[in-house]
Amino acid sequence: MNIAVCIKQVPASESKVKPSADGKDIDRTGLTYVVNPYDEFGVEEALRIKERLKTGQVTVFTLGPEKAAEALRTCLAVGADQAVHIKDAPLEGGDAYATAVALAAALKRNPYDILFFGRQAIDDDAGAVGIHVAEMMGLPHVAGINKLEIDPQAKKAIAHRQIEGAIEVVEVTLPAIFTCQKGLNEPRYASLPGIMKAKQKPLTVLTLADLGLDPGQVGSNGAKLVVEKIESPPVRSAGKIIEGEPAQAVAELVRVLREEIKVL
């Protein structure tokens, strides 16, 4: 069973993010980057399926600049078999749709039984790439899964997903696309031998020419959404402590809410 996992390199959640000078992006100077946490659930689930069935390959895909190869090497270090890096200057500035165009073209080059994506990326929170790819490839998909059962003989899967007040159970035929969320598994850490082996595993670079795509289909040219402005949230004013006896403090609080903050 061959499994594809699409990942994204994102700024670490502890990074201090601020808008860029032109207000169209974030200032990426000095940021620490990691594999998107939701994508890690997809990588781990792919590895567990391969280990359980004792057959198949796990291939990780990403789209991005040269630096994004670091995220692919991280996935190879935890056990993925090979990686594909979609890298070309016209890919810059794309949205979820334009990204999906390139990923779908790359994924169509080989048959995969299962395709994993993270539910969303923690940088833009769009949560749309996997769903776009499913539509472009004409594959069934289940979003936000937290449990997956595979029947390789019947070529079927049963996915469980949390909905309000219940668990929804969906059966799909394979190949299919699943987007993963917290609770699906606990991603493993890379071992030292795994890190050393990752350096020897194949990492293929694909350009638009390799994918048969025109520059007008991807990146900022192919985007359906345009970022007009990114700005930091307003700085909160300092809190106010109201002291005194309970009755007096409550009366003063009501006065502040009514006269100063004007929420009553």
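Here are a few things to note about the model shown:
- Helix-only CD estimate at 222 nm, as mean residue ellipticity for the chain, using -39500 (n - 2.57) per DSSP H run (n ≥ 4): -8000 deg cm²/dmol
- Gaussian network model of the chain, Cα within-10 Å springs - most flexible of 140, 175, 234: 234
- Using the Cβ-Cβ distance between residue 92 and residue 192 with R0 = 41 Å, the FRET efficiency computed as 1/(1 + (r/R0)^6) comes to roughly 0.75.
- The trypsin sites (Lys or Arg not before Pro) of region 68-165 include none that meets both criteria, a DSSP state outside H, G, I, E and B (loop) and at most 10 other C-beta atoms within 10 angstrom of the site's C-beta.
- Shape call, region 110-180: gyration tensor on alpha carbons, a/c limit 1.5: oblate
- Each residue of region 124-132 was assigned a 3J(HN,Hα) from its phi angle through the Karplus curve 6.51 cos²θ - 1.76 cosθ + 1.60 (θ = phi - 60°); the sequence is 10, 6, 5, x, 10, 4, x, 5, 4 Hz, with glycine and proline shown as x.
- Max mean-square fluctuation residue, GNM over the chain, Cα-Cα springs under 10 Å, options 82, 200, 57: 200
- Listed residues 107, 225, 184, most fluctuating in the chain (Gaussian network, C-alpha, under 10 Å): 225
- Cα gyration tensor, region 3-222 - rounded (a/c under 1.5), prolate or oblate: rounded
- Gyration tensor verdict on region 69-142 (Cα atoms; rounded if a/c is under 1.5, prolate if a/b is larger than b/c, oblate otherwise): rounded
- Per-residue 3J(HN,Hα) values for region 176-185, derived from phi via the Karplus relation 6.51 cos²θ - 1.76 cosθ + 1.60 with θ = phi - 60°, read 8, 10, 10, 9, 10, 9, 4, x, 5, 6 Hz in sequence order (x marks Gly and Pro).
- Rounded to 10°, Cα long-axis angle of helix 246-255 versus longest principal axis of the chain: 80
- Low-density loop cleavage sites - GluC sites (Glu not before Pro) in region 162-264, where at most 14 other Cβ are within 10 Å (DSSP): 164, 228, 231, 243
- Difference of contour (0.36 nm per residue) and Cα-Cα distance, residue 167 to residue 221: 15.4 nm
Every number here is computed from the coordinates shown, using simple stated rules; none is lab data. What you see is a predicted model, and the numbers here were worked out from it, not measured in a lab. As a convention, Cβ positions derive from the backbone with ideal geometry for all residues, glycine included, and neighbour counts pool all protein chains shown.
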